[in-house]
Amino acid sequence: MNFITLTLLLVYQVHGLSFPKCFKFGFATASYQIEGGWNASGKGPNIWDWYTHTYPTRIADLTNGDVACDSYHKVATDVKLLKNIKADFYRFSISWARIFPTGQTNNINPDGVRYYNELINLLLANNIKPVRIISLIMPIKYFPYSGIVSKPGSPSTNLPKSDYFVDYADKVFSLFGDRVKTWITFNEPSQICEFGYSNGAIAPGYTQLGIGNYMCGRTLLIAHAKAYRLYEKKYKQLQKGFIGMTVHAVWFEPAAEGKTYAEAAEISLQFMFGWWEHPIYKGGYPPVMRKRINYLSAQQNFTKSRLPYFTKDEIKLIKGTADFLGLNHYTSFLCSALDSGAVQSPLMNPDTNVTCYQPSSWKRGASIWIKVTPWGFRKILNWIKKEYGNPKVLVTENGYSDKGELQDCNRVNFLNDYLTELLNAIKKDGCNVQGYAVWTLMDNFEWGSGYTERFGLFYMNPSDPNRARIPKMSAYVLRNIIKTRKIDTTFTPQGFKACPAS
Ligand code: BGC
């Protein structure tokens, strides 16, 4: 690269595209991962308390979320961080068992309500909008009869009950909806259903491969839709809020040229993302999902499809239940059809008949699944635009894991590169993205990986009794982006060294 090209490139990067004025930047966390206070002041145990206490060895470093970042005792500290870093919004979740210890809404824990009121009021006093996930981390007392899935082997009988969640959502809207205007019903239903109820990799660790996931999915879609309709009818006019669901989307790229590869990538997108968004934006399951699961279920001698059917009324109930599309995006995969001779990775849903992988040459984070592919961000946003008619999108998570370095150049480069692609998607492709939240505010309990994978823009040491939050280089870099509305890859905050280019 010659001198003139380099100068032009730097000038472009510094003075290039800028984020629209109305575009909002935020920070995301989740209750179990940060709050701690697991049994404080009337909180009931939830499925993650039970899971980590019952199976401590399932967590890489034998830790749990009992204290986590101690955010339960650090409302003022957390809001101050958000204020200093110039957050427009804070995406956090409610712990069901903190406000309803048994799950039942007749039994309210005043201290839980006090805690969330304090947080919401302080955020608003600092001009930070609360974006709230209602969340499905269930109180343990509730779990045996929660009805997320039904009896093994009976996919279409003993229909699960979504109404428990709706009662809970109703109370939550009435308690906090005067101040919270953006609601997310569920975060990452694919992960809840695949890992929680099919392969059992996370709490509650239920294994019913190829059955539990689809029953859970059906319940969650109906629960989401009922909560949306309830809000629409009972609260919307008064509270004037917006409600949606957040889905995790990987970008699936064809592994090679040709129709079978393109189809393999498309099938993967439909199974992971279309599973939720097709019923909401188009009505019913993606045809490719319905066709494949029906075919395989018949081959496997099931009398009925493992993918339970919606009734006509349920399809109608679900269709149109999103004021925005919540998107969590981190990484990409390359996909091929199994018919091409590839062997399926055990992580893939066998019903897809597709295998996807990440080349080892791709740069990775501390988490094995995070390969740095900023180009995939622009592609998934464009796919959403085309597939669902350019809906309003709120990016509710995007981030990078390392081991907790303060000079976190890999994260700095990740943010600069992913945000550049986001800006391209908005400015050059016309994608209707309204905001972006980084995962995550501070290092926190990363589920099965404990604290061995750090996603925070603030460092937090779980052995420090004070749980101090220390800004990493990326915190200053993102702050500068929020302040200037531009990406400046040359920006080096005081006290840090310039990062090598990505
Ligand atoms: C989840 C977070 C998790 C993050 C990193 C997201 O998909 O919502 O809870 O910590 O991924 O694994």
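Among the residues that make up region 68-87, is at least one of them surrounded by 23 or more Cβ atoms within 10 Å (Cβ to Cβ), under 19 Å from Gly435 (Cα atoms) and touching a Leu at 6+ places or on another chain (Cβ under 6 Å)?
Residues of region 68-87 surrounded by 23 or more Cβ atoms within 10 Å (Cβ to Cβ): 68-69, 71-72, 78, 87.
Checking the rest, the ones that are also under 19 Å from Gly435 (Cα atoms) come to 87.
Still in the running and touching a Leu at 6+ places or on another chain (Cβ under 6 Å): none.
No; the residues of region 68-87 include none that is surrounded by 23 or more Cβ atoms within 10 Å (Cβ to Cβ), under 19 Å from Gly435 (Cα atoms) and touching a Leu at 6+ places or on another chain (Cβ under 6 Å).
Looking at the structure I just gave you, is Thr452 touching a residue at least 40 places away in the same chain (Cβ under 8 Å), over 21 Å from the mean Cα position of the chain (by Cα) and assigned to a loop (DSSP other than H, G, I, E, B)? Judged against the criteria, Thr452 is not a match.
Can you tell me which residue in region 166-218 is farthest from the ligand (Cβ to nearest atom), limited to those that are among the small types (Gly, Ala, Ser) and modelled with pLDDT of 90 or more?
Of region 166-218, the ones among the small types (Gly, Ala, Ser) are 169, 174, 177, 190, 196, 198, 200-201, 203, 205, 210, 212, 217.
Subsequent filtering for residues that are modelled with pLDDT of 90 or more retains 169, 174, 177, 190, 210, 217.
Working: Ala169: 19, Ser174: 26, Gly177: 23, Ser190: 10, Gly210: 22, Gly217: 17 Å.
Result: Ser174.
Here Ala264 fits the description: assigned to a helix (DSSP H, G or I), over 30 Å from Val180 (Cα atoms) and out of contact with any Lys or Arg (no Cβ under 7 Å at 6 or more places or on another chain). Taking the criterion of being open to solvent by 40 Å² or more (accessible area, probe 1.4 Å), touching a Lys or Arg at 6+ places or on another chain (Cβ under 9 Å), assigned to a helix (DSSP H, G or I) and of a type outside the set (A, V, I, L, M, F, W, C), would at least one residue in region 292-305 satisfy it? Taking every residue of region 292-305 in turn, at least one turns out to be open to solvent by 40 Å² or more (accessible area, probe 1.4 Å), touching a Lys or Arg at 6+ places or on another chain (Cβ under 9 Å), assigned to a helix (DSSP H, G or I) and of a type outside the set (A, V, I, L, M, F, W, C). Being open to solvent by less than 20 Å² (accessible area, probe 1.4 Å) and more than 16 Å from the ligand (Cβ to nearest atom): is that true of Asn480 here? No.
The helices (runs of 4 or more DSSP H) falling completely within region 43-136 that include 3 or more residues that are touching a residue at least 12 places away in the same chain (Cβ under 8 Å) and closer than 28 Å to Ala223 by Cα map to 47-54, 96-99, 110-125.
Out of curiosity, is Gly284 outside any helix (DSSP H, G or I) and open to solvent by less than 50 Å² (accessible area, probe 1.4 Å)? Write out each step before concluding.
On the way: outside any helix (DSSP H, G or I): yes; open to solvent by less than 50 Å² (accessible area, probe 1.4 Å): yes.
Yes; evaluated as a whole, the condition is true for this residue.
When region 198-215 is filtered for residues that are in contact with a helix residue (DSSP H, G or I) (Cβ under 6 Å, 6 or more places away or on another chain) and buried (at least 24 other Cβ atoms within 10 Å of the Cβ), the ones remaining, listed by number, are Ala203, Gly212, Asn213. Going by the structure shown, is Ala225 in a helix (DSSP H, G or I), small (Gly, Ala, Ser) and either more than 27 Å from Val180 (Cβ to Cβ) or open to solvent by 10 Å² or more (accessible area, probe 1.4 Å) (or both)? Against the criterion (in a helix (DSSP H, G or I), small (Gly, Ala, Ser) and either more than 27 Å from Val180 (Cβ to Cβ) or open to solvent by 10 Å² or more (accessible area, probe 1.4 Å) (or both)), Ala225 does not qualify. One residue stands out among those in region 146-165 that are assigned to a loop (DSSP other than H, G, I, E, B) and open to solvent by 50 Å² or more (accessible area, probe 1.4 Å): the one that is modelled with the highest pLDDT, which is Lys161. Inclusion of Ile470 among residues that are more than 21 Å from Lys21 (Cβ to Cβ) and touching a residue at least 40 places away in the same chain (Cβ under 8 Å) is warranted. Taking the condition part of a helix (DSSP H, G or I), touching a residue at least 40 places away in the same chain (Cβ under 8 Å) and farther than 27 Å from Phe186 by Cβ, does Asp339 pass? Here the answer is yes, as Asp339 does meet what is asked. Going residue by residue through region 441-454, is there one that turns out to be buried (at least 22 other Cβ atoms within 10 Å of the Cβ), over 19 Å from Ala60 (Cα atoms), within 16 Å of the ligand (Cβ to nearest atom) and of a type in the set (Asp, Glu)? No, that holds for no residue. Restricting Thr63, Thr102, Thr5 to residues that are modelled with pLDDT under 95 and under 26 Å from the mean Cα position of the chain (by Cα) narrows the list to Thr102.
Restrict the check to region 318-329 and report whether at least one residue is assigned to a helix (DSSP H, G or I) and free of Cβ contacts under 8 Å to residues at least 24 places away in the same chain. No: region 318-329 contains no residue that is assigned to a helix (DSSP H, G or I) and free of Cβ contacts under 8 Å to residues at least 24 places away in the same chain.
Let's see how each residue does on (1) open to solvent by less than 20 Å² (accessible area, probe 1.4 Å); (2) away from the ligand (no atom under 16 Å from the Cβ); (3) in a helix (DSSP H, G or I):
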| residue | (1), (2), (3) |
| --- | --- |
| Asn390 | no, yes, no |
| Val395 | yes, no, no |
| Leu406 | no, yes, no |
| Phe414 | yes, no, yes |
| Tyr418 | yes, no, yes |
| Ile426 | no, yes, yes |
| Cys431 | yes, yes, no |
| Gln434 | no, yes, no |
| Gly456 | yes, no, no |
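Say whether the condition of being touching an Asp or Glu at 6+ places or on another chain (Cβ under 6 Å) and of a type outside the set (S, T, N, Q) is met by at least one residue in region 280-294. Yes: one or more hits.
Would you be able to say whether some residue in region 184-191 is under 17 Å from the mean Cα position of the chain (by Cα) and surrounded by fewer than 19 Cβ atoms within 10 Å (Cβ to Cβ)? Yes, because at least one residue in region 184-191 is under 17 Å from the mean Cα position of the chain (by Cα) and surrounded by fewer than 19 Cβ atoms within 10 Å (Cβ to Cβ). Note on region 342-378: among residues that are assigned to a helix (DSSP H, G or I) and surrounded by fewer than 18 Cβ atoms within 10 Å (Cβ to Cβ), the one that is nearest to the ligand (Cβ to nearest atom) is Trp375.
The values are calculated or read from the model by the stated rules, or taken from the named source; none is laboratory data. Note that the structure is predicted; figures quoted are calculated from it, not measured. When we count neighbours, we look across all protein chains shown, and the Cβ atoms used for this are built from the backbone with ideal geometry, even at glycine. Heads up: the accessible areas ignore ligands, DNA and RNA and are worked out on the full protein's heavy atoms, side chains in. Shrake-Rupley method; radii C 1.70, N 1.55, O 1.52, S 1.80 Å.
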